[in-house]
Structures are given as C-alpha cells and as structure tokens.
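S.K.: The structure under discussion is supplied below as structure tokens; questions concerning it will follow.
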Amino acid sequence: MPLVDLVSVADLCRVERSGLGAFNVVHLDHAEAFVEAAAGAGRPIVLQISQNAVKYHGALAPIGAGVLAVARAADVPVVVHLDHAEDVALVQDAINLGFTSVMYDGSKLPDDLNRATTRAVVEHAHARGVSVEAELGEVGGKNGVHDPSARTDPDEAAEFVAATGVDLLAVAVGSSHAMTTRGAQLDLDLIGAIAARVSVPLVLHGSSGVSDEGMRDAIAAGMTKINVATHLNKIFTTSVRDYLIENMEVVDTRKWFQAGNDAMAAEVTRLLEWYAAPAPAPVRL
C-alpha cells in the first residue's frame, strides 16, 4: 500500500463521519506497533513526528526515514505527518524527505504573520503534493501548561482557511495537550458551528484528555482527525514498569520494549475501531 496524503483519507473520513486516528511516533517501534494495529482494525492511520521528537533525536532524517519505510510496507493507507512544526526549515526538510503531510504551527505568531507564513508553506507543499494542517488559536497545554479555556471563533476559522488554503484545521474547543487524565469537556456546539463554517476537515489536538464517549461525540459533531500522544505514552510506560517489576532479571531491552509496544498496539486498534463507528450527533435543545 503506497503512502497516502492526508487530504485523501481525511476527506473520506469526513464524508462518512468517522474519525481518523493520528498517533505520535517517538521511537521507530511506535510506528511498527501503530501500523500493525491499523492493519488489525482495517483502518487508515496517521503516523506523526513532532518537532519535539525531532529535537529529541537531534535530526529528522533518521527517525523520519525509518517511519517512511514502515509506512511504505503497510497493508493499509498510511500518512506520515510532521506535527506542530514551528520551524519552516523543518517543514521543508520533511517535504524533501518524502512526508505526505505537514503541520505548520504559527499559532503563537501575530495573526497577519501567521496567515502569510502559513500561505507560503501551503504553496510550497501543494506544489509537491503534500497536505498541510494548521492551527488557529493556540490549543491549551503546549509545553506543559494546561489551559482548556482557549476557543476558536467559527468565523475567524473560515476566514483563515480561505486566506491560507490549508487542507485541515486544528481548533481549540476545550481539549488540552499533555493531559494524563481524561476529563476534558469539549464544546460540542462550538465544534458543530466551526464544522458548518469551515470547508476542510477539523483536527482535535489534546485528545488524550478526552474520554471515549467524548471523542465519539466530537466526531459526530464534526471532528475528523483525532490526535493522540500522551494517552499512549502513559500506557507504554505503565506496561514497561509493570513488566520490569515482575521480571527484575531481564536486561534485554527488546523484551520490555515489546511489553509496552504490545499494550500500545492493542489500544490503538481499539481506538481506531471506536473512531470508525461514532455515535449519532447528540441532540441539544
């Protein structure tokens, strides 16, 4: 199965009102586990490498090339996506390496500069067949600060998409990055209002803090791409810790990594199947 661009799978999911699972890759093992999970669920998947992960590895090329190789060998559609890139040069590196999607995050910039830079990124990426995601209104929780009070205005979202030409838009609707509990309360009315005004699929960042039912409600209300990172990191770490406590003599890193990978893969399969069958849109009087 060849690599696919984000627009093609996101548009299909948007039409069928299902969720597209997007999961952050820190280690190459993650990509292998996630693709195995997607094959088990029979669903497309987005493998994301964030700018923070690139900093951890010291460069994009080694981890990026490995993830691309995993994706090209997959039996299901796979998008390889650069997540939360604030550095335009890094976006260009990802495109040159063969990524099929990038997220340029100019949400911290003044609005005019954000729009102009995002538009330039879109023109560069589209000329090379690469999809572009952007963020309007900084979603809470980046760099460890939980602020779920941020909200995206529907009219501003529509204007931003029209002005920049982005393919997907991440919006602030009550979730927060890096949450280790799942009690975030999403503004479903706002999701519906943005979806009605915006012509492109919407992205939910900070989904780790949202309950299963909350994610289904969000998809039914108009969300398409569902980003998950911290929730899986927590499962991985807990599984590794438990394995090492029970197997104190083990020194082979593959054994305890496998315990974490297996637990993550099972959860990714479950989430992909869950996103594929969202509940009917809630009735709100």
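S.K.: Within segment 220-249, take every residue that is among the aliphatic types (A, V, I, L, M), open to solvent by less than 30 Å² (accessible area, probe 1.4 Å) and more than 14 Å from the chain's Cα centre (by Cα) and give me the one that is nearest to residue 186 (Cα to Cα).
M.R.: Among residues in segment 220-249 that are among the aliphatic types (A, V, I, L, M), open to solvent by less than 30 Å² (accessible area, probe 1.4 Å) and more than 14 Å from the chain's Cα centre (by Cα), the one nearest to residue 186 (Cα to Cα) is 221.
S.K.: Right, here's the next one. List the pairs whose first member sits in segment 109-120 and is within 16 Å of residue 85 (Cβ to Cβ), whose second member is open to solvent by less than 90 Å² (accessible area, probe 1.4 Å) and in a helix (DSSP H, G or I), and whose Cβ atoms are under 7 Å apart, counting only residues at least 6 apart or on separate chains?
M.R.: Here the result reads 109/117; 117/88; 118/164; 119/163; 119/164, each pair linking segment 109-120 to a residue that is open to solvent by less than 90 Å² (accessible area, probe 1.4 Å) and in a helix (DSSP H, G or I).
S.K.: Answer yes or no as to whether residue 113 is farther than 14 Å from residue 3 by Cα and part of a loop (DSSP other than H, G, I, E, B).
M.R.: When the stated conditions are applied, residue 113 does not pass them.
S.K.: Additional query: Starting from residues that are modelled with pLDDT of 95 or more and open to solvent by 40 Å² or more (accessible area, probe 1.4 Å), keep the ones in segment 259-272 and report whichever is nearest to residue 14 (Cα to Cα).
M.R.: The selected residue is 266.
S.K.: Ok, one more. Being in a loop (DSSP other than H, G, I, E, B) and surrounded by fewer than 19 Cβ atoms within 10 Å (Cβ to Cβ) is the filter; apply it to segment 149-169 and report the residue that is modelled with the highest pLDDT.
M.R.: Going through the qualifying residues, I end up with 165.
S.K.: Does residue 80 satisfy the criteria of being modelled with pLDDT of 95 or more and out of contact with any strand residue (DSSP E or B) (no Cβ under 6 Å at 6 or more places or on another chain)?
M.R.: When the stated conditions are applied, residue 80 does not pass them.
S.K.: While we're looking at this one, here's another question. Does residue 12 satisfy the condition of being within 24 Å of residue 134 (Cβ to Cβ) and open to solvent by less than 40 Å² (accessible area, probe 1.4 Å)?
M.R.: So residue 12 fails the test.
S.K.: Another question, if that's okay. So, in segment 54-73, exactly how many residues are assigned to a loop (DSSP other than H, G, I, E, B) and surrounded by 19 or more Cβ atoms within 10 Å (Cβ to Cβ)? Give the steps one after another, and end with the answer.
M.R.: Applying the first criterion (assigned to a loop (DSSP other than H, G, I, E, B)) to segment 54-73 yields 58-60, 73.
Cutting the leftovers down to surrounded by 19 or more Cβ atoms within 10 Å (Cβ to Cβ) gives us 60.
Residues that pass the stated criteria total 1.
S.K.: What's the number of the condition residue 18 fails, among (1) under 16 Å from the mean Cα position of the chain (by Cα); (2) not in a loop (DSSP other than H, G, I, E, B)?
M.R.: Of everything listed in (1) under 16 Å from the mean Cα position of the chain (by Cα); (2) not in a loop (DSSP other than H, G, I, E, B), residue 18 misses just condition (2).
S.K.: Sort through 76, 88, 80 and tell me the only one that's touching a Ser or Thr at 6+ places or on another chain (Cβ under 9 Å) and either buried (at least 20 other Cβ atoms within 10 Å of the Cβ) or in contact (Cβ under 8 Å) with a residue 40 or more places away in the chain (or both).
M.R.: Within the list 76, 88, 80, the selection yields 80.
The values are calculated or read from the model by the stated rules, or taken from the named source; none is laboratory data. Note that this is a predicted model, so its numbers are computed, not measured. Neighbour counts are summed over all protein chains in view; Cβ atoms, including those assigned to glycine, are modelled from backbone coordinates with ideal geometry. These accessible areas exclude ligands, DNA and RNA; they are computed on the full protein's heavy atoms, side chains included. Shrake-Rupley method; radii C 1.70, N 1.55, O 1.52, S 1.80 Å.
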